[in-house]
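Report on the structure given below.
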Amino acid sequence: MARKKTILIVDDHPFVREGLKSIIKSSDALEVIGEAENARSARKLIKALKPDLVLLDLGLPDESGFELAREIRTMLPKTRIMIVSMHSKVDYIVKAFKAGATGYMVKESATERLLPGIERVLNGEYFMDGTASHAVVKKLMQAP
């Protein structure tokens with residue numbers, strides 16, 4: 001049997017973390033190895049656990065998820081980052097990918113789309129949830 005892919009969840013809401021864990025438990029290929037409620041705790045866990053994937057909220061109480069994504073990308077370049085956020089605005093999505101995210105999921109879609117999104121991101125693909133994809137690509141094409 002192949003090694004399970006490891007996931008660290010970073011979100012300040014315990015209810016959201018529990019929901020994400022519950023969805024991930026239904027996959028035999030994935031394992032949640034830790035969770036953090038803020039960037040400070042996340043940084044320590046990321047360094048210690050070296051997860052394959054970090055599910056990261058943008059609105060953390062002590063630091064922006066964008067900043068943490070940049071730091072993760074520098075610390076562990078092979079670790080994939082999927083943003084799981086309530087924000088579906090194109091500017092947030094573009095900024096997340098520029099910060100080093102490899103996937104973007106809107107929280108309201110997580111129940112149906114989380115596992116397929118995780119699978120794609122862990123397979124080296126980029127994943128973008130929702131109908132914003134055309135607008136995001138258009139916005140990225142305008143960037144210098």
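Since every read-out is calculated from the coordinates, none of them should be taken as a lab result. Since the model is a prediction, treat every value here as computed from it, not as a measurement. Neighbour counts run over all protein chains shown; Cβ positions are idealised from the backbone, glycine included.
Using the Cα centre of the chain as origin and beta-carbon charges of +1 (Lys, Arg) and -1 (Asp, Glu), tell me which of Ala110, Ile83, Ile72 is placed farthest towards the positive end of the dipole. Of Ala110, Ile83, Ile72, it is Ile72. Based on Cα contacts under 8 Å between residues 6+ apart, segment 16-78 shows a relative contact order of 27 percent. Here the sum of -39500 (n - 2.57) over DSSP H runs of 4 or more residues, divided by the residues of the chain, equals -14000 deg cm²/dmol at 222 nm, to the nearest 500.
What's the longest piece of the chain with no exposed trypsin sites (Lys or Arg not before Pro), counting a site as exposed if DSSP puts it in a loop and it has at most 10 other beta carbons within 10 Å? All intermediate terms of the calculation are to be shown ahead of the outcome.
Numbers: sites that count: Arg3, Lys78.
That gives 4-77 as the longest site-free run.
Over all pairs of distinct alpha carbons, what does the Kirkwood formula give as the hydrodynamic radius of the chain, in Å?
Working: mean 1/r = 0.0668 Å⁻¹.
Over the chain, the inverse of the mean reciprocal pair distance is 15.0 Å.
With +1 assigned to the C-beta of every Lys and Arg and -1 to the C-beta of every Asp and Glu, and no other charges, what is the dipole magnitude of the chain about the Cα centre in debye, to the nearest 20? Mind dumping the intermediate values first?
On the way: 23 positive and 19 negative charges, 108 e Å.
Dipole about the Cα centre, nearest 20: 520 debye.
The slack between Glu112 and Ala48, meaning 0.36 nm per residue of separation minus the straight C-alpha distance, is 20.0 nm. In terms of distances greater than 27 angstrom between alpha carbons, the cross-link table entries Lys107/Lys138; Lys4/Lys89; Lys5/Lys47; Lys47/Lys89 yield Lys4/Lys89; Lys47/Lys89.
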